[in-house]
Amino acid sequence: MYPGCRSLSLTFLSLTHRRLCTWRSLTSKAALCSSASTVSPQPPTLSCALYSHCRLFTSQRASAPRRSPPRLPPARRLSHSAHLPDPMELKEVLQVLEQLAPLSLAESWDNVGLLVEPSESRPVKTVLLTNDLTGAVMDEAEAMSCDLVVSYHPPLFRPIKRLVQRDWKQKIAIRALEARMAIFSPHTSWDSVKGGVNDWLVGGLGSGQVSVLSQALGGASQIHKLEFTVTSAEELNDVMKELKTCDRESTLQYSAHRPDNGGFHVSVTCSDSALPPSVQALLRHNAASLSLSILKLEKPPLPGHGQGRLIVLDQPVTVATAVQNMKSHLGLSHLRLALGSGQTAESSVRTAAVCAGSGASVLSGVKADLYITGEMSHHEVLDAVAQGTNVILSDHSNSERGFLAVFREKLAVRLPDSVTVVVSKADRDPLEVV
C-alpha cells in the first residue's frame, strides 16, 4: 500500500470512529431524557460510506482530495414532561376510594365520604392516610403540601352551625379550606368491606374459618312492590303515566300480563319515598284500588361484607398465645386482658369474635371463647366475663391504625405514579401506658 493511501485510509477510519462515538453519545443522552420515548434514532450511514470509500481508494491505489464529511443532524431533544402521567383530579381519586370500599356499606348513623372540598380544586399529587385528623397530623399535611387527607374517623361528625377557631375540629376544617386541601372519611365502610379493617384485625390470631357477625345488605332503592289489576289497556296506560310522576328519581319497573278472565294484572316496584304518592294515585282508579296489595322487599345480603368477624381457628391457641399474637399484629407492647369466669391464661381459645374500635354493641351476646376490640365499658366487660368469655382490649384506635399500611398498598397500585400515598407519622392513640 502506498504511504499516501495508507494515511488517507487512517484519516477516514478515524473520522468513522469519531462519528460512531458521537452518534452513541447523542443516542444515550436522548434515552436519558425519556426512557418511555418511542423515538429510536438510527445510526448514521456516514461511517459505512466512508469505510467503503476508503476500501475503494486502497484497492485502486489512487489518491483523492480529502473531503469534509457532511454534518450530522443534532440529536432530537425529548421533553421529560411530555412523558409524565396525566395529573389526577380529586373526583377521580374519590372514585377509586369508593371502588375499594363503597360508601353504601357504612352504617346509617355514620358521616362518611367527602367532608371538605375546596372551592378551587387542584390535581391530587399527595394523599395522606391517617386514623384521626388531629392538629399534629394537620401540621404534617400542610408541611408536605398535601392535596387530600383520608381520615378513617370523620373529623366532622355532628352537625355544626358555625365555623370558629374555638372548636379544634372546626379549626382543622378551616385550615384545610385555606390550604385547598380535601378531606375524605371512609370509617365504617372500611369496617364492613370484605378485606377491610375487621378482616385485617381478625387475621392477627392466625388462620381459620371467618364469618361476618352483622351481615351487610344491598342498598337497593326500590324496596316496595305494588300489585293490582286494571280492566283495559287504556286504563293501564293512564295508571302508569301517573305512577311515573310519583317516582322521578328512579326508573319505574313493572310487568303486566293478561289472565284468561280479562283485564291486566300489574306488578310495580318503587322506592320508599315514592310509596305514599303511588298508593294515592292507584286509589283514584276503582279496579286498582280494590285489588291493590303492597309487599315490602328485603334487601339482599352481601356475602363477606358487614360489621365484626367471628373466626374458628384451624389450630386452637391458649389465651396467653392469643395475647402475644395480637401484640405482634398490632405493634403494641401492652394489651388489657380480662379473663372469663373459670378461665386462665392457659385456657384454650378455639373461637374469637372481633370488632375494631368500640365493638361492644356488635359483640354483645356472641358465643365465643375470646372477644377482641379496642374499647368496652366497665359493665360491658363484666357481662362478657360473667358468660365465661375472655376479653382483649387494645384502646380504640390501636385496633384500627395498622390497617392504614395495608390500605396504602391497595390504593397506590390503583393510582398513577404522579400520586404519592403516605401514611401519617404523627397519628397515634391519645392514650398510652405509663
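The values are calculated or read from the model by the stated rules, or taken from the named source; none is laboratory data. Worth saying up front: this structure is predicted, and the values here are computed from it rather than measured. Quick reminder, even Gly has a Cβ in these numbers, built from the backbone with ideal geometry, and neighbours come from all protein chains shown. To get the accessible areas, we keep the full protein, side chains included, count just its heavy atoms, and leave off ligands, DNA and RNA. Shrake-Rupley method; radii C 1.70, N 1.55, O 1.52, S 1.80 Å.
Report, ordered by the first and then the second residue, all pairs with beta carbons closer than 8 Å, sequence separation of six or more or different chains, a first member in region 406-431 that is touching a residue at least 24 places away in the same chain (Cβ under 8 Å), and a second member that is open to solvent by 70 Å² or more (accessible area, probe 1.4 Å) and not in a helix (DSSP H, G or I).
As it stands, the answer is PRO416/ASP86; SER418/LEU84; SER418/ASP86; SER418/PRO87; SER418/LYS125; VAL419/LYS125; THR420/LYS125, since those pairs meet every condition given.
Against the definition (within 23 Å of GLU92 (Cβ to Cβ) and assigned to a helix (DSSP H, G or I)), how does SER189 come out, yes or no?
yes
State all residues of region 377-434 that are among the polar types (S, T, N, Q), open to solvent by less than 30 Å² (accessible area, probe 1.4 Å) and not in a helix (DSSP H, G or I); if no residue qualifies, say none.
THR389, ASN390, SER394, SER424
Does region 358-375 hold any residues that are outside any helix (DSSP H, G or I) and open to solvent by 30 Å² or more (accessible area, probe 1.4 Å), and which are they?
SER358, SER364, GLY365, LYS367, ASP369, GLU375
So, in region 270-286, of the ones that are under 14 Å from VAL239 (Cα atoms) and out of contact with any helix residue (DSSP H, G or I) (no Cβ under 7 Å at 6 or more places or on another chain), which residue ends up most open to solvent (accessible area, probe 1.4 Å)?
The residue in question is ARG284.
Have a look at HIS305, HIS265, HIS285, HIS224 and point out the one that is in contact with a Pro (Cβ under 8 Å, 6 or more places away or on another chain) and either over 30 Å from ASP199 (Cα atoms) or at pLDDT 95 or above (or both).
Just one listed residue meets the conditions, HIS265.
Report, by residue number, each residue of region 338-357 that is assigned to a strand (DSSP E or B) and more than 36 Å from the chain's Cα centre (by Cα).
SER348
Any residue that is closer than 30 Å to GLY374 by Cβ and of a type in the set (Lys, Arg) - is there at least one of those in region 297-313?
So far as region 297-313 goes, yes, one or more of its residues are closer than 30 Å to GLY374 by Cβ and of a type in the set (Lys, Arg).
Given the conditions (1) without any contact (Cβ under 8 Å) to a residue 24 or more places away in the chain; (2) within 18 Å of the chain's Cα centre (by Cα); (3) outside any helix (DSSP H, G or I), and given that GLU98 satisfies all but one, which numbered condition is not satisfied?
In the conditions (1) without any contact (Cβ under 8 Å) to a residue 24 or more places away in the chain; (2) within 18 Å of the chain's Cα centre (by Cα); (3) outside any helix (DSSP H, G or I), GLU98 misses (3) alone.
Could you tell me whether THR344 is β-branched (Val, Ile, Thr) and touching a strand residue (DSSP E or B) at 6+ places or on another chain (Cβ under 7 Å)?
Taking the combined requirement at face value, the residue does not satisfy it.
Report yes if some residue within region 315-326 is under 22 Å from TRP190 (Cα atoms) and buried (at least 17 other Cβ atoms within 10 Å of the Cβ); otherwise report no.
Yes, because at least one residue in region 315-326 is under 22 Å from TRP190 (Cα atoms) and buried (at least 17 other Cβ atoms within 10 Å of the Cβ).
Would you mention how many residues in region 113-151 are part of a loop (DSSP other than H, G, I, E, B) and in contact with a strand residue (DSSP E or B) (Cβ under 7 Å, 6 or more places away or on another chain)?
The qualifying residues number 10.
Going by what's in this entry, would SER267 be described as in contact with a strand residue (DSSP E or B) (Cβ under 6 Å, 6 or more places away or on another chain), open to solvent by 50 Å² or more (accessible area, probe 1.4 Å), in a strand (DSSP E or B) and polar (S, T, N, Q)?
Taking the combined requirement at face value, the residue does not satisfy it.
Any residue that is open to solvent by 10 Å² or more (accessible area, probe 1.4 Å), in contact with a strand residue (DSSP E or B) (Cβ under 6 Å, 6 or more places away or on another chain) and within 30 Å of SER267 (Cα to Cα) - is there at least one of those in region 195-207?
no
Condition (residue is of a type in the set (Val, Ile, Thr), closer than 30 Å to LEU129 by Cα and in contact (Cβ under 8 Å) with a residue 40 or more places away in the chain) applied to region 213-228: is it met by at least one residue?
no
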